[in-house]
1. When only DSSP loop residues count, what GluC sites (Glu not before Pro) in the stretch 1-105 have their Cβ near at most 16 other Cβ atoms within 10 Å?
2. As I understand it, the value is the acute angle between the Cα axis of helix 139-155 and the longest principal axis of the Cα atoms of the chain; what does it come to in degrees, rounded to 10?
3. Compute the helix-to-body angle for 27-45: its Cα long axis versus the longest principal axis of the chain, expressed 0 to 90° and rounded to tens.
4. Taking the Cβ of Ala265 as the centre, find all other residues whose Cβ is under 14 Å away and add up their charges (Lys, Arg: +1; Asp, Glu: -1).
5. Which angle between 0 and 90 degrees, to the nearest 10, do you get for helix 182-199 versus the longest principal axis of the chain when only C-alpha atoms count?
6. Taking a ≥ b ≥ c as the square roots of the eigenvalues of the Cα gyration tensor of the stretch 132-224, is the shape rounded (a/c under 1.5), prolate (a/b larger than b/c) or oblate?
7. Note down the nm distance, to one decimal, between modelled labels 7 Å out along Cα→Cβ at Val151 and at Arg211.
8. On a C-alpha basis, how far is the centre of the stretch 268-282 from the centre of the stretch 174-216 in Å? Whole number, if you could?
Amino acid sequence: MAVSKKAPPPRITHAERVIDAASGITKGELAAYYATVAPSILPHLQGRPVALVRAPDGVGGELFFQKHARHGEIAGIKLLDPALDPGHDPLLQIDTARALLGAAQFNTIELHTWNATSRALGKPDRMTFDLDPGEGVDWQQMQEAALLVHVLLDELALPAFVKTSGGKGLHVVVPLRRQFGWDEVRGFSRAIVEHLARTVPARFVAKSGPRNRVGRIFADYLRNGFGATTACAWSVRARPGLGVSVPLAWEELPDLGSAAHWTVANIGERLAVGNTPWNAMEGSRTALGAAMRMLGYLP
């Protein structure tokens, strides 16, 4: 009987190349980070289309956002059925540590995921709000804003989970039952943000663009459309210092110093906690119908 052999992990070329001048982190050290956090990040990647943010010249260089690939382009990457996104090369999926390292070898720094699984791409299983601070918004205001979003979602009987973005903002995630399509979920997330902007206009704005959010926060609902993505939990961000997007318990939020509280350099202290703050997410999936009625939204 033939014995199957696992493919070896991709070789990381130019491992000594510094990819972030602020921290001195090399390509090899970034690959080692992804190898280390594979048990934590893979549950957030598996079964979902993923987009790669590639930085061949490192942080500060030109970034490439890649949602599609051809066979053999990235070691270990799964190519999805082209019918899922007609007119393009296949969408990508990372299900294994080998694929994760293949992305790192391909100069990937960030990993972004869809709000739906590949097997049910027409019906999102989560709703995401990317709290994006405008000029002049400090970290304490960001913390308070996230808690206000949490309060509103709680009033709508919607479970909410939070994570650092690894950059400047925070991500609030609502786990959903697969009930509505992209247009309905995006439309309702917009209604929530517009309600926030009407209720607390000094803090929130419902329009994107830097000019619109000076001194205020845009709770980005556009992440909830078909093909839109958000940085995955445990993804590194292609910014000076290489911050990491990390799942939190709401009780931890007041004690954090920034949205880039954890970085590639200091992430070791958080690995023991891992995904524990989000353990209840899968069992918290909620239908949106009642919340839509409470807010007066008609899908």
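Any read-out appearing in this document is the output of simple, stated calculations on the displayed coordinates, not a laboratory observation. Every value quoted in this text rests on a predicted model; they were computed, and no experiment measured them. Using ideal geometry, Cβ is built from the backbone for each residue, glycine included, and neighbour counts are taken over all protein chains shown.
1. In loop regions of the stretch 1-105 (DSSP not H, G, I, E or B), the sparsely surrounded GluC sites (Glu not before Pro) are Glu16, Glu62, Glu73.
2. Once rounded, one gets 70 degrees.
3. For 27-45 against the chain, the angle is about 50 degrees.
4. With Lys, Arg at +1 and Asp, Glu at -1, the net is 0.
5. With both axes taken from Cα atoms, the answer is about 50 degrees.
6. prolate
7. With each label point 7 Å from Cα toward Cβ, the separation is 3.2 nm.
8. 27
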